[in-house]
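First up is the structure itself, then whatever we jot down about it.
The values are calculated or read from the model by the stated rules, or taken from the named source; none is laboratory data. Remember, predicted model here, so these are calculated numbers, not experimental data. Note that each Cβ is placed from the backbone with ideal geometry, even for glycine, and that neighbours are counted across all protein chains shown.
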Amino acid sequence: MTYSDLSRPMRELIESHGRPEREVYLDHENSGLIIPEALEAMIGAYREGGRGHPSITHRIGWISYQSLYEATSAISAALNCDTNELVHTHGGTEANNLAIIGSAMMEPRSRRKILLSSIEHLSVIFPAEWLGRYGFKVIKIPVDREGFIDLDTLSREVDKDTLMVSVAAVNHEIGTIQDLKAVGDIVKDRDEGVLIHTDACDALGRIPIDVKRLGVDLASFSSHKVYGPKGVGALYVKEGVKLEPILQGQLSTQKLWPGVENIPGIMGFSKALEMMHKHLDEYTKRMAKLRDRLIDGIMERVSHAVLNGPRGERRSPDNVNISFLYCEGEALTVELSMMGIYVSSGSACTSRVLEPSHVLLSIGRRYEEAHGSLLMKISPYNSDMEIDYVLEALPGAVDRIRSLSPIKP
Ligand SMILES: Cc1ncc(COP(=O)(O)O)c(C=O)c1O
């Protein structure tokens, strides 16, 4: 695909769609919201604090260095790590790639087995599978019907040849909060030398994150998941863990990432994280209340609806993922969009590609159930009134799409 292929039909689509009078944004999986204070921090950084190169020895360079240092210190403090244990990256995808490929390149011959849960984000699965082409063995550990990793299989698979175990703290599609402590205990008990990586992109801002308490060696983060700017992320690398950089070029202030740091983006991330951290308890309670109101409301009003993922405290407070049987998920997102309700179908990251979500298939959903799923992610900025509007609009939208389906109950 090239952009020119898409731009004309997209423009026509946007114009013909028009802007609905009422809008409810529930697609925070795919980003779309920036905390106002984070935006302000970025604008300030582009004007002064972060416009220079942090490694250059003149006044503007020094100011940039100081801004970068302050933002790095604030992010590290929020995660409970040292500034030297944090690598700034261009997003969660790059952090996951650096964690997996960077550690594989460090010990390319001694340990060649990579264990992943079967429901990892594609930015974890794909780099591991890519390494598979160069002699690494990738094993996907199954999960149960709610998405919890099978600890017995994990325990059986960890051996002297295992390089890494990667398990997301919170699943991005179905909101399963894994017991990382149990994962860590099993893995380290079998072999202290195995690295534990967690993709914590969807955990930050939803559950308390303290990298030391998580007991992991590597943890990936993405700024837009805490309502900061897109294209900004970080990798926690525990002191003593050795990685090879995966990008080659001129090093600035970091050992594992070459290039000029995106200081305005990093300052935006730092500010967004600070706000989420400050209000974590209040925000997560509010999100969980809205989540349950939405789940319960849909289950009461719509027939043949199945909740994907666990309920209650073991589910991320922002996550609602429901399969509507006899209903095509993509068509439903378009129907809802006409009513000003913005959600995604199945996995956000595959919704432009009409393939069923590997996460839903892994928890035992059938192909057609996976296809009829909607992923709605609540932010602390959503309101009760917005949820009520969705509950009012959704049953009719499902009925209309079902009436077009060749498969009937
Ligand atoms: C769990 C998870 N990991 C990684 C990523 C990729 O992060 P980014 O979009 O910052 O590259 C996402 C993004 O949606 C995600 O949900």
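Tabulated data for the structure shown
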| quantity | calculated |
| --- | --- |
| Filter pass, I177 being within 18 Å of L151 (Cβ to Cβ) and in contact with a strand residue (DSSP E or B) (Cβ under 7 Å, 6 or more places away or on another chain) | yes |
| Filter result for A41 (at pLDDT 95 or above, crowded, with 24+ Cβ neighbours inside 10 Å and away from the ligand (no atom under 15 Å from the Cβ)) | yes |
| Test for V187: is it more than 13 Å from the ligand (Cβ to nearest atom), crowded, with 23+ Cβ neighbours inside 10 Å and either in the same structural domain as I56 (by TED's automatic domain parsing) or not basic (K, R) (or both) | yes |
| Given (1) in contact (Cβ under 8 Å) with a residue 60 or more places away in the chain; (2) surrounded by fewer than 23 Cβ atoms within 10 Å (Cβ to Cβ), index of the condition G259 fails | (1) |
| Pairs where the first residue, in region 389-409, is closer than 21 Å to I295 by Cβ and the second is part of a helix (DSSP H, G or I) and basic (K, R), C-beta under 6 Å, 6+ apart | P395/R301 |
| A78, sole failed condition from (1) away from the ligand (no atom under 16 Å from the Cβ); (2) in contact (Cβ under 8 Å) with a residue 12 or more places away in the chain; (3) over 18 Å from V216 (Cβ atoms) | (3) |
| First in region 15-36 and under 22 Å from D384 (Cα atoms), second anywhere and surrounded by 15 or more Cβ atoms within 10 Å (Cβ to Cβ) and at pLDDT below 90, Cβ under 8 Å, 6 or more apart | Y25/G32; D27/A348; E29/A348; N30/A348 |
| Options H88, H17; residue that is within 20 Å of Y227 (Cα to Cα) and not charged (D, E, K, R) | H88 |
| Within region 376-409, considering residues that are farther than 25 Å from N30 by Cα and surrounded by 15 or more Cβ atoms within 10 Å (Cβ to Cβ), the one modelled with the highest pLDDT | R402 |
| Per-region count, region 190-208, residues surrounded by fewer than 24 Cβ atoms within 10 Å (Cβ to Cβ) and over 24 Å from K242 (Cα atoms) | 2 |
| Residues (over 25 Å from the mean Cα position of the chain (by Cα) and hydrophobic (A, V, I, L, M, F, W, C)) located in region 137-167 | V158 |
| Within region 216-256, considering residues that are of a type in the set (K, R) and surrounded by fewer than 22 Cβ atoms within 10 Å (Cβ to Cβ), the one nearest to the ligand (Cβ to nearest atom) | K230 |
| Entirely in region 95-204, the strands (runs of 3 or more DSSP E) that have 2 or more residues that are touching a residue at least 40 places away in the same chain (Cβ under 8 Å) and out of contact with any helix residue (DSSP H, G or I) (no Cβ under 7 Å at 6 or more places or on another chain) | 113-117 |
| Leading residue by the ranking (surrounded by the most Cβ atoms within 10 Å (Cβ to Cβ)) among those in region 74-94 that are in a helix (DSSP H, G or I) and among the small types (G, A, S) | G92 |
| Residue match in region 109-122 (condition: more than 11 Å from the ligand (Cβ to nearest atom) and surrounded by fewer than 15 Cβ atoms within 10 Å (Cβ to Cβ)) | yes |
| Subset of region 308-351 [under 25 Å from F126 (Cα atoms), modelled with pLDDT of 95 or more and more than 20 Å from the chain's Cα centre (by Cα)] | none |
| Pairs, first in the same structural domain as G91 (by TED's automatic domain parsing) and at positive phi in region 208-223, second part of a helix (DSSP H, G or I) and of a type outside the set (S, T, Y), C-beta under 9 Å, six or more apart | G215/L180; G215/K181; G215/V183; G215/G184; G215/D185; G215/K188 |
| Residue ranges of strands (runs of 3 or more DSSP E) in region 231-336 with at least 2 members over 30 Å from A397 (Cα atoms) and among the aliphatic types (A, V, I, L, M) | 233-237 |
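Listed here are the residues, each with its yes/no results for (1) in contact with a helix residue (DSSP H, G or I) (Cβ under 7 Å, 6 or more places away or on another chain); (2) in contact (Cβ under 8 Å) with a residue 12 or more places away in the chain; (3) farther than 30 Å from D388 by Cβ.
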position	(1), (2), (3)
G231	yes, yes, yes
L247	no, yes, yes
E274	yes, yes, yes
Y283	yes, yes, no
R291	no, yes, no
G297	yes, yes, no
H304	no, yes, no
V320	yes, yes, no
